[in-house]
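Accompanying notes for the structure given below.
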Amino acid sequence: MDRKISLTGIKPTGNLHIGNYFGAIKPALELAGEYDARYFIADYHALNTMKDPAELSATIREVAAGWLACGLDPENVVFYRQSAVSEVFELATMLMAFTGKGLMNRAHAYKAALQENAEKGDDPDAGVNMGLFTYPVLMAADIILFDSDVVPVGKDQVQHIEMAQDIAQSVNYNYKQEVLKVPQAAVQEHVAVVPGLDGRKMSKSYGNTIPLFIPEKNLRKLIMRIVTNSQGVEEPKDPAASQIFLLYKLFASAEEQTALEERYREGGMGWGEAKEELFRVVNRELSPVRERFNAIVSDTQGLDRILAAGAEKARPIAAATVKRFRKAAGID
Ligand code: TRP
């Protein structure tokens, strides 16, 4: 029973949408069937940008409730808050001693901040806190602490995983033994890009998302607002060119897809009806998820208990890694 370990961090950013659902949540939950999964809420990572306490604590709860509502089983997955496992900060400090400043200078997020400042003619480091600058070290600690084999992430996080590999390898090289496990990225290449309401990629920054847990009425309104072209009811339509159909495919069965594809091609179906069909399949899948979410998020104590139980399971694993490293380092 030597199953490999899969770990990922969830930044509490609030308002999960169907892009997150298909791009991150579903693939990570599928991996949890095959691997020993350790999934956590990266709340100290969020502190770099979120300074409003009420907003941060609400967001942490919503994101945790969201993953549970989508099917994360806390009996099967070690599910915890980063802030509840303080060994991660001890490990991060130790890893700092093995992390070149030059490596951090090359991190995409930090470079993007510098570039933005340069364009505005500001001081290069304006608005850059040390949390942002050392973000990759804390993330490496998150990963390495749990002996992770694979880290399911989007493409934007690959550089961070490579940095975690570099840092772990520097430690192992120095002590001439495998003190720390070197993780691999599991990039979800096959995941479909989820189109947003305006046809561009669904993203919070474009304001074109369909939130996962909005009430049925609002869901319907959003879908009815999807931008379409001016083709009339009778005209045959190309399903591949319609974001309504691309969204439909994510929620419909194979038979439903074929049937609707034919109706598009035949003509005689207007955009209004295509949207009604889309609403029907989206709501069918999201209704039970929405109900579970509402029940979980309103039971604050229950949610806290789940996260506390997860932290209890996480801490001994974390403590063992730190102990091993301290011993190798001569600090035991
Ligand atoms: N940086 C990740 C993101 O922005 C979140 C994260 C923090 C993470 N720690 C991690 C992801 C460890 C994977 C493993 O989405």
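None of the figures in this text is laboratory data; all of them are computed from the coordinates on show. Being a predicted model, the structure only gives us computed values, none of them experimental. Reconstructed Cβ throughout: ideal geometry from the backbone, glycine too, with neighbour counts over all protein chains shown.
Sequence neighbours fewer than 8 away in the same chain don't count; with that in mind, list the lysines whose C-alpha is under 30 Å from Lys275.
Lys26, Lys201, Lys204, Lys217, Lys221, Lys237, Lys249
Quick one: of the DSSP bridges fully inside the chain, what percent are antiparallel, nearest 5?
Working: 2 of 17 bridges.
DSSP beta bridges in the chain are roughly 10 percent antiparallel.
Order by neighbour count: Arg280, Arg225, fewest other Cβ atoms within 10 Å first, most last. Could you put the intermediate results ahead of the total?
On the way: Arg280 15, Arg225 10.
Ordered by Cβ neighbours within 10 Å, fewest first: Arg225, Arg280.
I'd like the FRET efficiency for Glu291 and Ile317, computed as 1/(1 + (r/R0)^6) with the beta carbon distance as r and R0 of 35 Å, rounded to 0.05. Could the numbers behind the result be given before it?
Values: r = 33 Å, r/R0 = 0.96.
E(calc), rounded to 0.05, equals 0.55.
Hey, fewest Cβ within 10 Å first, where do Thr13, Thr8, Thr258 land in order?
Details: Thr13 15, Thr8 23, Thr258 10.
By the 10 Å Cβ count, ascending: Thr258, Thr13, Thr8.
Using the charge dipole of the stretch 194-332 (Lys, Arg: +1 at Cβ; Asp, Glu: -1 at Cβ; taken about the Cα centre), state which of Pro236, Phe279, Leu307 has its Cα farthest towards the positive end.
Value computed over the given set: Leu307.
Just in the stretch 234-332: which GluC sites (Glu not before Pro) are loop by DSSP and have at most 13 other Cβ atoms within 10 Å? Mind dumping the intermediate values first?
Working: sites: Glu234, Glu255, Glu256, Glu261, Glu262, Glu266, Glu273, Glu276, Glu277, Glu285, Glu291, Glu312; in loops: Glu234.
Here the sparse-neighbourhood loop sites are Glu234.
Taking the Cβ of Lys275 as the centre, find all other residues whose Cβ is under 14 Å away and add up their charges (Lys, Arg: +1; Asp, Glu: -1). Each step should come with its number before you reach the end.
On the way: positive: Arg220, Lys221, Arg225, Lys237, Arg263, Arg280; negative: Glu273, Glu276, Glu277.
Residues near Lys275 contribute +3 overall.
Taking only the Cα atoms of the chain, how large is their convex hull per residue, in Å³?
Working: hull volume 51.7 nm³, N = 332.
Once divided by residue count, the hull of the chain is 156 Å³.
Students often forget the sequence filter, so: which lysines lie under 18 Å Cα-Cα from Lys313 once same-chain residues fewer than 8 apart are removed?
Straight-distance partners of Lys313: Lys4, Lys323.
Could you calculate the contour length gain from Asp52 to Tyr206, that is, 0.36 nm times the residue separation minus the distance between their Cα atoms, to one decimal place in nm? Present the calculation step by step, with values, prior to reporting the outcome.
Values: separation 154, 0.36 × 154 = 55.44 nm, distance 2.30 nm.
In short, 53.1 nm is gained.
If I stretch the segment between Asp123 and Ala254 completely, what's the gain in nm (0.36 nm per residue apart, minus their alpha carbon distance), one decimal?
Numbers: separation 131, 0.36 × 131 = 47.16 nm, distance 5.50 nm.
Going from the current span to full extension adds 41.7 nm.
Mind putting a number on the dipole of the chain about its Cα centre? Charges go on the C-beta only, +1 for Lys and Arg and -1 for Asp and Glu, and I need it in Debye to the nearest 20.
Values: 38 positive and 44 negative charges, 116 e Å.
Using only the charged Cβ atoms, the result is roughly 560 debye.
Please give the net charge around Ser287, taking every other residue with its beta carbon less than 15 angstrom from that of Ser287, where Lys and Arg add +1 and Asp and Glu add -1.
Working: positive: Lys217, Arg220, Arg280, Arg284, Arg290, Arg292; negative: Glu216, Glu285, Glu291.
Net local charge, Ser287 excluded: +3.
Treating the beta-carbon of each Lys and Arg as +1 and of each Asp and Glu as -1, no other charges, what is the dipole magnitude of the stretch 213-293 about its Cα centre, to the nearest 20 debye?
Details: 13 positive and 14 negative charges, 111 e Å.
Dipole of the stretch 213-293, to the nearest 20 debye: 540 debye.
Where does the charge balance sit around Ile144 when Lys and Arg score +1, Asp and Glu -1, over other residues with C-beta under 13 Å from its C-beta?
Working: positive: Arg38, Lys181, Arg324; negative: Glu87, Glu90, Asp142, Asp147, Asp149, Asp166, Glu178.
Charge balance in the 13 Å sphere: -4.
Let me have the 222 nm mean residue ellipticity of the chain computed from DSSP H runs of 4+ only, each contributing -39500 (n - 2.57), with the sum over all residues rounded to the nearest 500. Please list the in-between numbers first.
Details: 14 runs with 180 residues, N = 332.
Dividing the helical sum by the residues of the chain leaves -17000 deg cm²/dmol.
Could you line up Phe22, Phe89 from fewest to most neighbouring Cβ atoms inside 10 Å? Numbers along the way, then the final one.
Details: Phe22 19, Phe89 14.
Neighbour counts put them in this order, fewest first: Phe89, Phe22.
List the trypsin sites (Lys or Arg not before Pro) within the stretch 149-193 that DSSP assigns to loop and that have no more than 11 neighbouring Cβ atoms inside 10 Å. Can you show the working numbers first?
Working: sites: Lys155, Lys176, Lys181; in loops: Lys176, Lys181.
Counting only loop positions with at most 11 other Cβ atoms within 10 Å, the trypsin sites (Lys or Arg not before Pro) in the stretch 149-193 are Lys176.
Can you compute the charge dipole magnitude of the stretch 184-332 about its Cα centre, using +1 on each Lys and Arg Cβ and -1 on each Asp and Glu Cβ, nothing else charged? Give it in debye, rounded to the nearest 20.
Working: 23 positive and 20 negative charges, 231 e Å.
In debye, rounded to 20, the stretch 184-332 gives about 1100.
Between Arg280 and Asp304, what is the label-to-label distance in nm when each label sits 7 Å out along the Cα-to-Cβ direction?
4.5 nm
Specify the inter-centroid distance of the stretch 82-131 and the stretch 301-321, based on alpha-carbon positions, in whole Å.
First find each Cα centre; the distance between them is then 27 Å.
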